[in-house]
1. Once each part is reduced to its C-alpha centroid, what is the distance from the range 82-109 to the range 215-234 in angstrom?
2. Farthest toward the dipole's positive end in the chain, which of Tyr25, Tyr457, Leu216, given Cβ charges of +1 (Lys, Arg) and -1 (Asp, Glu) about the Cα centre?
3. In angstroms, what radius of gyration and Dmax does the range 358-404 have, counting Cα atoms only?
4. Among Ala395, Ile348, Ala371, which residue has its Cα positioned farthest towards the positive end of the charge dipole of the range 308-405, with +1 placed on the Cβ of Lys and Arg, -1 on the Cβ of Asp and Glu, and the dipole taken about the Cα centre?
5. On the principal axes of its Cα set, how long, how wide and how thick is the range 161-223? Give whole Å, largest value first.
6. Which of rounded, prolate or oblate describes the range 362-493 when judged by the alpha-carbon gyration tensor and an a/c cut-off of 1.5?
7. According to the square roots a ≥ b ≥ c of the eigenvalues of the Cα gyration tensor, what is the shape class of the range 50-98, taking rounded for a/c under 1.5, prolate for a/b larger than b/c otherwise, and oblate for the remainder?
8. What's the magnitude of the charge dipole for the range 281-426 around its Cα centre, counting Lys and Arg as +1 and Asp and Glu as -1 at the beta-carbon? Answer in Debye, nearest 20.
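All of the numbers you see were taken from the coordinates with simple rules; none came from a lab. Since we're looking at a predicted model, the values are computed, not measured. Counting neighbours? That spans all protein chains shown, and the Cβs are built from the backbone with ideal geometry, glycine included.
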Amino acid sequence: LVEKRNPKLPADIPYVKFEDGDDSYQRYFEETRTVATLGYNKYIKKGKPFSMYNAANTDLPLLLLPMKYLDEVKNAHKSKLNLQKALDQRAGLDKIGGFLLTDEVVTVVRMAMTKALSQLIPELDQKCIAAYQEFMPACAEWTEVNTMQMLLKVWTRMISHVMVGPELSQSDEWLKEMQLFIPTIIKASFALRGYRKSMYWVAKYITNDIKEIYRLRSRLGRLLEPLLKERLAAAAARSQMSGSKRMDLHADAVQWFVDEYGSKGIKPSADQVARDMLMLSLVSILSTAATLLGVIYDALDRPEAFKEMKEEMARIYKETDGNMSRAALGQMVVLDSFMKESQRTNPINQISAHRLAMQDFTFKDGLRLPAGADIAFSNELISEDPEYWGPDAAAFDPHRFLRMRRAGDLARSQVTSITDDMMPFGNGHHACPGRFLAADGMKLMFMNLIHRYELKYPEGVTSRPENGKGHHTMLPSSTLPLLFKEKKTYNFS
Ligand code: HEM
């Protein structure tokens, strides 16, 4: 492996690599943590940045920054430090599917989707129950289930309800495309790395997985077309009406895209909406299913805490007569604390607040980033640093955030809170706007699963399996099947 220093990075920024000299690409891909930890302890802890090989973008090292720069990164306008472009650079989305994280996608999630959550939660609860009936095998006796695959299907049905409404989300064709998308885009992104940058443009004509993403986009466009036409016609008719009659009846992303583009005088094509839907799937599906799987493993490892969560669910279920609402989910504070501790100890992203410098950027203390610099913060290592979390930082404390909440620190203690010492949902202008849906969706999925099924590790497995290794990601193991048994009478015991 050739050392890839960015000649434009200031010369005094150290470049950290494996100490034993074994510098293979695969090693950088799988053992990112080892190099990141070296640099974190040696430089970040002393307030200095360092750079390291970037397996996702072999032309440019990743620059990891110390906390003192976080506020400036958080507040920087996207014309200066940009998340969308950093993601595009990492996955090559524009070259492998012709889509990007657009302003419309971000605005729809941040504004319309979040506003609609109270209306959506009861619907998503029903969707979740129906999806378990659909995707869980019959399990009167203990039965092995690949939990990751199952959660992906259940969540895809639920999030599709938010994306395309009750009818299309129930279509098997839609589900098939959505399920095909995530594994194919991951393979396509890897395949792109096999090309020289100057040859990226040719990849979509040659590589099957990349061609498949374009085909998938076109199939989604066809599926969306009738619904979009209907909504565009309704929007045109509504614009002639006045006052309350103009209120929107559809709480789904097709409608929100029509409204968002409409507000800019644009009539979106089915292909545009298909691209936006692909982007929505990319940011929302794997992240949520994987985070929940981690919570499930952590709960199995801690029977006492698991029991306490079940008791809380039983109480709230009884008080609400089983009618789930945002308010009811908001009362699940023991679960909320546990989920947050699970994210703290095993975040799915090792780095956070990832940005690309769109122009030369100089921090207040004089540190200069050249245009094109790829920067981030070590979310994983910050989350376990005793400097921020005290001497028991390495321990899983199910009540850590519950105590904070009870002490009145609501801003810091909720699973959706964004703080500098824990960034699973990022930070600043680009902080994940979908986290409220993600948190409520995970609570619904966890609660309905426990209500219906007993679950345990298979014979011979006694604790959470090792996380999967990928460049700057740490997804919980997706291959271990868990054992499930359907309860004769549904309850939370
Ligand atoms: C547990 C699940 C999830 C995790 C861990 C997660 C994590 C993240 C992270 C780390 C970022 C980058 C933030 C930054 O760099 O400051 C992000 C951005 C984003 N997420 Fe999520 N996310 C999750 C679920 C969702 C869901 C369900 C949606 C939508 C329905 C969503 C929509 C978005 C969007 C649109 C952005 C881009 C924001 C922007 O550019 O301003 N995410 N997410």
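1. Value for the Cα centre distance between the two parts: 21 Å.
2. Value: Leu216.
3. When restricted to Cα atoms, the range 358-404 yields Rg and Dmax of 16.9, 44 Å.
4. Ala371
5. 43, 19, 16
6. Values: a/c = 2.10, a/b = 1.74, b/c = 1.21.
Taking the square roots of the gyration eigenvalues as a ≥ b ≥ c, the range 362-493 is prolate.
7. Working: a/c = 3.65, a/b = 1.34, b/c = 2.71.
In terms of gyration-tensor shape, oblate.
8. On the way: 16 positive and 22 negative charges, 87 e Å.
With Lys and Arg at +1 and Asp and Glu at -1, about 420 debye.
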